[in-house]
Amino acid sequence: MRRIVFLCRVIAPALFVMFSGCQPEPVLPGLDYKISRSSWDSLPALQVRIAFQPAENGKTRLLFADNAWGQDSLWNTVKDLRMHAGQGTSVINRDSGWVEISHATGTGPLEVGYKIIQDQPLSGDPSLTYRPIVQPEYFHVFAHNLLMVPEHYQAGGKAGEGQGQASGEGFGNRAAVRLSWEGWEAPGVVHNSFGSQQPEQDLGAIDLDRFMSAVFVGGDFRVLTADVKGNTVHLAIRGDWIPFSPEEVMDLLRQTLAAQRDFWQDHSQPYFTVTMRPFSLERGSSYQGTGLTNSFATSVSNNASTSLDQLVYLFNHELMHNWIGHAIENESEEAQYWFSEGFTEYYTAKNIAAYGIAGKDWGYYIEAVNEKIRQLAASPVRTAPNSDITYENFWSSRDYEKLPYYRGFLFAFYLDQQIRAVSERRKSLDNLMRDLLKDSREKGIKLSGGHFVKRANAYLVEDLQPFFHKYIENGELLPLEDYFRDLELDFKTGADLFHLGFTFSPERDSVISVDPESAAFASGVRKGDRVLSRSIYMGATDKEVELVVRRNGREYPVSYLPRRKEPIPQLLDTPENREALSK
Ligand SMILES: [Zn+2]
């Protein structure tokens, strides 16, 4: 059941009509939430009241995950859970992520109330974004850490378990959801994935997975609004920003969405919002984003080391996932990261250049190609086969995590230029991308290597399969130097790669080996040194590594540029290259 409902989300409206025409709509159960400003033990809190249809057997479970999105003990944020007087008794099972309510059968809706508080102080730890943030001036929460959902409303039982069987009640994982907000009257703000400044929100019948993939903010946020070809785009942002103004961020968002929707010829999303939460960070910059229903939630360090350029990349990469990765879904998650991450990375650079986002031009694209060549060359797993990019490796090793970004990008670059050359610049990889979107939306075809090759072959003279096998599946390095020569692109050979030059102990407090050819060795780092302090910009070849090490009871300060030369090709940023790559 959930499967069909899910497909209705992504396939053409015509098929949806067919589906709903041949199966009568069940009357969906209601799910009413009232969220109001409150307090608990002198802390600010959100009071949530939920009214729902109880399960027929007299026992209803409300789901609330204790572990989610890298956070544990989320039940610590739930206080004062109570039933409406006389309606029943409740037992919380934190480990299983639910509260079970025993109640009389055959009654009307039940009502349960609870409070959500912030259980850890705000800090520069960006992962705190994924716990409830409830301050006197504002709140920032995700659906799964604010709202409980009755288990029997869901198609497969527990939230987030993936595909399940149809529920006994036959609701198909949908409910008629209403939200009402109290306590953030003007000039306060109520803003979320489903609307802006609406104290009463009637979401109608909504898929619960979509509903539970949402962000809710309120309080002293500012809401900026733009129109992209008749569709509304919001930015909800709070705080005084050091590196840029909210208007600059909004303008960047508008440019990015307009460019991407034009690129895909897809202006079908009537409402979209981005939330942006500042956090303080003493050194360096940090930013992260999460793609959600109709929305994108970001947290960004607010200091002088953060720049608008980082947001240009973040917005363009993350919002591109609306199509690459979501609308065009991988058949098997990790096996096609070369596509969902690598091609997203490629179109981040290409679209920023092609549409002149934030004033960038084709020089940005050329530098992006060069950077990917350097990053891949510096990767210790650069020739690992695609089958090594497994769930375990991807989440435990930054080298494996980044490999499909680099490899997929360069493969996309290669293929783009190949299609342009074969078609005498009448076609490009852009056409193939739109073919893949159509296949997904109209036929529900997911992205696999086989399907990709088949669709790509329509634009090529030679079968892509052996090439795909060699460079994606087997992971060999693309012969880019020969290719640049074929394409008559100007390039130089030789570039600086990031090279720390020594290996840390697992605790990162001592040196377990040093490359004798490295700048680290030349500047005095030795095996066995205790590292007392360190300042390292990972990946940056132009920022000095600064260490204080202790050896034989003495302390030594060390600094050096962490790089080594490699004979790899780099495109030159010349008018001829710009012309050749863009026209
Ligand atoms: Zn991504």
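Which one of these is under 20 Å from the mean Cα position of the chain (by Cα) and either in a helix (DSSP H, G or I) or more than 29 Å from GLU442 (Cβ to Cβ) (or both): ALA353, ALA358, ALA368, ALA349?
On the way: ALA353 fails: under 20 Å from the mean Cα position of the chain (by Cα); ALA358 fails: under 20 Å from the mean Cα position of the chain (by Cα); ALA368 fails: under 20 Å from the mean Cα position of the chain (by Cα).
The unique qualifying residue is ALA349.
Looking for whichever is in contact (Cβ under 8 Å) with a residue 60 or more places away in the chain, basic (Lys, Arg) and open to solvent by 10 Å² or more (accessible area, probe 1.4 Å) here; the options are ARG254, ARG238. Which one fits? Before the answer, list the steps.
Values: ARG254 fails: in contact (Cβ under 8 Å) with a residue 60 or more places away in the chain.
Just one listed residue meets the conditions, ARG238.
Yes/no matrix, rows are residues, columns are (1) over 25 Å from the mean Cα position of the chain (by Cα); (2) at pLDDT 90 or above:
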| site | (1), (2) |
| --- | --- |
| PRO150 | yes, yes |
| GLY162 | no, no |
| GLY170 | yes, no |
| ASP202 | yes, yes |
| ALA214 | no, yes |
| LEU224 | no, yes |
| ASP227 | no, yes |
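Select, from VAL525, VAL511, the only residue that is open to solvent by less than 40 Å² (accessible area, probe 1.4 Å) and in a loop (DSSP other than H, G, I, E, B).
Details: VAL511 fails: in a loop (DSSP other than H, G, I, E, B).
Result: VAL525 is the single residue among VAL525, VAL511 that is open to solvent by less than 40 Å² (accessible area, probe 1.4 Å) and in a loop (DSSP other than H, G, I, E, B).
Residues to consider are LEU235, LEU314; find the one that is more than 26 Å from GLU544 (Cβ to Cβ) and assigned to a helix (DSSP H, G or I).
Working: LEU235 fails: assigned to a helix (DSSP H, G or I).
On inspection, the qualifying residue turns out to be LEU314.
Do you know which residues across segment 288-318 are within 12 Å of the ligand (Cβ to nearest atom), in contact (Cβ under 8 Å) with a residue 60 or more places away in the chain and either out of contact with any helix residue (DSSP H, G or I) (no Cβ under 6 Å at 6 or more places or on another chain) or open to solvent by 20 Å² or more (accessible area, probe 1.4 Å) (or both)?
GLN288, THR290
Output yes when any residue across segment 267-286 is within 14 Å of the ligand (Cβ to nearest atom) and within 30 Å of SER448 (Cα to Cα), and no when none is. Write out each step before concluding.
First pass over segment 267-286, keeping only residues within 14 Å of the ligand (Cβ to nearest atom): none.
Scanning segment 267-286 turns up no residue that is within 14 Å of the ligand (Cβ to nearest atom) and within 30 Å of SER448 (Cα to Cα).
Does segment 207-222 hold any residues that are surrounded by fewer than 19 Cβ atoms within 10 Å (Cβ to Cβ) and in a strand (DSSP E or B), and which are they? Before the answer, list the steps.
At the first step, the residues of segment 207-222 found to be surrounded by fewer than 19 Cβ atoms within 10 Å (Cβ to Cβ) are 220, 222.
The one that is surrounded by fewer than 19 Cβ atoms within 10 Å (Cβ to Cβ) and in a strand (DSSP E or B): ARG222.
Of all residues in segment 319-333, how many are buried (at least 21 other Cβ atoms within 10 Å of the Cβ) and more than 13 Å from the ligand (Cβ to nearest atom)?
Number of matching residues: 1.
Can you pull out the residues in segment 62-116 that are in a helix (DSSP H, G or I) and either open to solvent by 20 Å² or more (accessible area, probe 1.4 Å) or among the small types (Gly, Ala, Ser) (or both)? Steps first, please.
The first filter runs over segment 62-116 and keeps only residues in a helix (DSSP H, G or I), leaving 74-77.
Result: ASN76, single match.
Filter the helices (runs of 4 or more DSSP H) completely within segment 391-503 down to those with at least 1 residues that are within 16 Å of the ligand (Cβ to nearest atom) and without any contact (Cβ under 8 Å) to a residue 40 or more places away in the chain.
Details: elements: 391-396, 398-422, 429-443, 449-457, 465-468, 480-486.
The helices (runs of 4 or more DSSP H) meeting that bar are 391-396, 398-422.
Just give me the residues in segment 550-583 being more than 28 Å from LYS402 (Cβ to Cβ) and free of Cβ contacts under 8 Å to residues at least 60 places away in the same chain, in sequence order.
Scanning segment 550-583 gives ARG550, ARG551, ASN552, GLY553, ARG554, GLU555, TYR556, PRO557, PRO575, GLU579.
Assuming PHE339 fulfils every condition listed in (1) more than 14 Å from the ligand (Cβ to nearest atom); (2) more than 22 Å from MET276 (Cα to Cα); (3) buried (at least 22 other Cβ atoms within 10 Å of the Cβ) apart from one, which condition is it?
(1)
Out of curiosity, is PRO506 assigned to a strand (DSSP E or B), under 34 Å from the mean Cα position of the chain (by Cα) and outside the structural domain of ALA421 (by TED's automatic domain parsing)?
no
Going through ALA349, ALA384, ALA353 one at a time, which residue ends up being within 16 Å of the ligand (Cβ to nearest atom) and open to solvent by less than 20 Å² (accessible area, probe 1.4 Å)?
ALA349
The values are calculated or read from the model by the stated rules, or taken from the named source; none is laboratory data. It should be emphasised that the depicted structure is a prediction, and the values quoted were computed from it without experimental measurement. Ideal geometry is used to build each Cβ from the backbone, glycine not excepted, and the neighbour counts take in all protein chains shown. These area figures cover heavy atoms from the full protein model, side chains too; ligands, DNA and RNA do not enter into them. Shrake-Rupley method; radii C 1.70, N 1.55, O 1.52, S 1.80 Å.
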